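Values in this text are rule-based calculations from the coordinates and carry no lab data. Values in this document were obtained by computation on a predicted structure and should not be read as measured data. Neighbour counts are summed over all protein chains in view; Cβ atoms, including those assigned to glycine, are modelled from backbone coordinates with ideal geometry.
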Amino acid sequence: MKRTGEIVLTIIGACFFALISVFGFMFLGLSGDNTFTQDMENIIVAEDPSLEGTDLSFLSDLVSAGGWYFIIVGILAVILGIVSLILLKGDKHPKAAGIILIVVAVLSALATVLISIISSILYLIAGILCLVRKQKETFNPEY
């Protein structure tokens, strides 16, 4: 049985997860930018004037940690998507690939607070298709 639909959905989902990793790298770039950090501090002080004079240098560390978090989640999701593609190739282990895709979809959506919802939905649909589609049984007239 051909698993073209599952493979295409998994590849598109992996591309979106790779895009999330790129956003993580952008966060890392912004955390080292002093003008961005200063602009963030100005916006926070404008919202709440009682914070004026408070040390807000932790914001740069927060953006950096968030960047690493998105990078790790995105790369893990891409790697597990590739593993499931290998399991799907040749229709070897579609059940295992489906379970991996469903688990990655749910955990990554929760881990990124639904930022990766599109890619998670693609992985979820591919995983469900892997579990639902049955192989065609061949009739052997000798038995």
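Structure values in brief
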item: Centroid-to-centroid separation of segment 8-74 and segment 94-111 [C-alpha atoms, Å]; result: 26 Å
item: Test item: Cα-centred dipole of segment 1-123, Lys/Arg +1 and Asp/Glu -1 on Cβ, debye; result: 1340 debye
item: Helix-only [θ]222 nm of the chain, DSSP H runs n ≥ 4, -39500 (n - 2.57) each, per residue, nearest 500; result: -26000 deg cm²/dmol
item: Compactness index (Cα Rg / 2.2 N^0.38 Å), the chain; result: 1.49
item: V22 paired with V113, simple spin-label distance in nm, labels 7 Å along Cα-to-beta-carbon; result: 2.3 nm
item: Those GluC sites (Glu not before Pro) in segment 1-57 that DSSP places in a loop and that have at most 14 other beta carbons within 10 Å; result: E52
item: Estimated FRET transfer efficiency when R0 is 35 angstrom, pair I72-V132 (beta carbons, to 0.05); result: 0.70
item: Label-point gap, in nm, between V8 and N42 - each point 7 angstrom along Cα→Cβ; result: 4.9 nm
item: Two-site FRET efficiency, K95 against L62, from Cβ-Cβ distance with R₀ of 41 Å, rounded to 0.05; result: 0.50
item: Cβ-based exposure ranking for C130, C15, in which fewest neighbours within 10 Å come first; result: C15, C130
item: Gain upon complete extension [T35, L51; 0.36 nm per residue less C-alpha separation]; result: 3.9 nm
